Amino acid sequence: MADERRTKRPTEMTSGGTLTKEEWRRFDLRKWWIWIALVVVAIILALLRGCNPQAAAPVATGTPGATVAVTAAPTAVAVASNTPVPAETELPPVTEIVAAPIIDPQSEIIPSGSVTLTGLAAPGVELDIQVDGVSVGKTKADAKGQWSFDVDLTAGEHEIVVAAPGDSGGASAPQNFQIGSGAGPDPVSVTVPEAGASVASGPMVLAGTAGPEQELSIVVDGVEVGRVTTDAQGAWETEVDLPEGAHTIVVVPISANGTVFNDSASTPLDVMAEPQGVMPVFTEPDATATLLAGPVIFRGTAAPGSTIVVRLDGEDVRTVVAEDDGTWSAQIDLPGGAHNLVAVATQPDGLEASSAAFSVTAGAAKPAITSPAAGAVTSGNVVIRGTASPNQTIEIVVDGVVVGTTTSDARGGWFLSTPLTAGARSVVARYPGASGVADSSESVAYSVQQRRPGGQCRNTTPIPADVSRYTVEVNDTLFCISQRSGLSIAALKRDNVFITDENLILPGQVLVLREHVPPTPTPVP
């Protein structure tokens, strides 16, 4: 029977009947695990209530005098998570973002050209710089939120916006800036030297015009080399030192606060600086003095040993060589009037340089009669001599009538043989068209005596045979000398080739008398 019971228990268990011992044992173990889990949960709840007393305290509800029902606080259920609870961290401080750009330096007039924009934004954010709605570049704010950006702006009004990503501040409010000024300074012009000119390397004169009393910056090859201020009429002049080679010069007006007005700058001037000789200089005479026409000595300086060619009104008139100390002098026959002289120097090394034009004015020297002296003269051809400005036409006037003209030589000397009849005569030498005493000589009075009848020669004394050289005296004629020497006029002209007119010989001239036989004097009746 016992075997039958043992056999039936499993069958009854299987069909929903009573359990075997093994089954009860397994069931009891499950219960223990449940109890253990409940105990663990209870411990956890107790710990939680200890950390949060308010949650653990009972809550009283109801009305006074009534039965109070105590309701426990809701129990939090711990939920396991694979994500660790982050430690409480300190949030970064909120930084105020200044999105509007600031132009530095700020002034009433912002010059065109390169303009620096600066401002603030969120640290590290990339910014898009927009001018007139067009992106012109990007920049990045540093760790402090500061940023800067260089942009080329033309003259006129421009709208500038600085844009950041949407979560970093967005776009700044548009700001309008006036670049350049329509009422800026007068434009600058450069008149010296000419564009494309070849100049000597070293110091060079730079000149031009601009607004009155305007400060200008001289910029050579992009570098400021000096400043100059215009005068009350806007003229300016300065000197720049140019090394050998090609250069570009720009002159720019600037304001008292340093604003550069590029819109009014001069047109870039391209010049070529080349090695050239030392420029000769005129030092005498004073260019402001009025000189007397005639021989004038000009002096100056140049490189030692230079060959100096002096040009008068474009024509070469004299060549001299500079001394070891560089000084030179040249005598020039200067006609009356205004003249320009230029000295062209060629150095021993072959370098050539020209001086600036040297302007002078020469007044004609007053004519003068030097011989014959006032007094008695013999009628017939009389040689009248005098002085005047070089290379000038001289009129001889006898008793108010022009009797002949002559031309002064390079030294200003002149003469004229003219017939004078017996009587009182007044002779004047003058320039043609003379209208005042400055253009006419002093009047010379002559008492002209009739020649003795029966002879043409005042002096009839024979010239001795041993006299081979005879000095012409006043009132001598070639005919009389022929009569006194026994030589024919043809022989005298042959041996004295300077005689071109047998009717014109001058006192002081020396005649050669070759192998002459003087005539026997004729007794006077």
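Things to note:
- Conditions (1) more than 30 Å from Asp152 (Cβ to Cβ); (2) not in a strand (DSSP E or B): number failed by Ala330: (2)
- Condition met for Ala303 (in contact with a Gly (Cβ under 9 Å, 6 or more places away or on another chain), small (Gly, Ala, Ser), buried (at least 18 other Cβ atoms within 10 Å of the Cβ) and modelled with pLDDT under 90): no
- Note on region 366-396: among residues that are over 58 Å from the mean Cα position of the chain (by Cα) and of a type in the set (Ser, Thr, Tyr), the one that is modelled with the lowest pLDDT is Ser379.
- Boolean, Ala87 is part of a loop (DSSP other than H, G, I, E, B), surrounded by fewer than 17 Cβ atoms within 10 Å (Cβ to Cβ), at pLDDT below 85 and in contact with a strand residue (DSSP E or B) (Cβ under 9 Å, 6 or more places away or on another chain): no
- Conditions (1) at pLDDT 85 or above; (2) surrounded by 13 or more Cβ atoms within 10 Å (Cβ to Cβ); (3) not aliphatic (A, V, I, L, M): number failed by Thr460: (1)
- Odd one out for Gly277, checked against (1) outside any loop (DSSP other than H, G, I, E, B); (2) modelled with pLDDT under 90; (3) of a type in the set (Gly, Ala, Ser): (1)
- Within the option set Gly413, Gly350, Gly433, being at positive phi and outside the structural domain of Arg299 (by TED's automatic domain parsing) holds for one residue only, Gly433.
- Here Gly196 fulfils each of the conditions (1) in a strand (DSSP E or B); (2) within 19 Å of Leu242 (Cβ to Cβ) apart from (1).
- Residue ID - surrounded by the most Cβ atoms within 10 Å (Cβ to Cβ), chosen from residues in region 319-341 that are without any contact (Cβ under 8 Å) to a residue 24 or more places away in the chain and among the β-branched types (Val, Ile, Thr): Val320
- Filter result (over 35 Å from the mean Cα position of the chain (by Cα) and part of a loop (DSSP other than H, G, I, E, B)) within region 355-365: Ala364, Ala365
- Residue in region 248-257 that is among the hydroxyl-bearing types (Ser, Thr, Tyr) and under 18 Å from the mean Cα position of the chain (by Cα) present: yes
- Given (1) modelled with pLDDT of 90 or more; (2) out of contact with any Lys or Arg (no Cβ under 6 Å at 6 or more places or on another chain), number of the condition Glu284 does not satisfy: (2)
- Residue within region 347-354 that is touching a residue at least 12 places away in the same chain (Cβ under 8 Å), in a strand (DSSP E or B) and crowded, with 19+ Cβ neighbours inside 10 Å present: no
- Within region 397-414, the set of residues being in a strand (DSSP E or B), more than 20 Å from Gly336 (Cα to Cα) and in contact (Cβ under 8 Å) with a residue 12 or more places away in the chain comprises Val397, Val398, Val403, Gly404.
- Here region 401-412 is the region considered, the condition is being exposed (fewer than 14 other Cβ atoms within 10 Å of the Cβ) and touching a strand residue (DSSP E or B) at 6+ places or on another chain (Cβ under 8 Å), and the residue that is farthest from Tyr446 (Cα to Cα) is Ala410.
The values are calculated or read from the model by the stated rules, or taken from the named source; none is laboratory data. Predicted model only: the values in this text are computed from it and were never measured. Methodologically, a virtual Cβ is constructed for each residue, glycine included, from the backbone with ideal geometry; neighbour enumeration extends over all protein chains shown.
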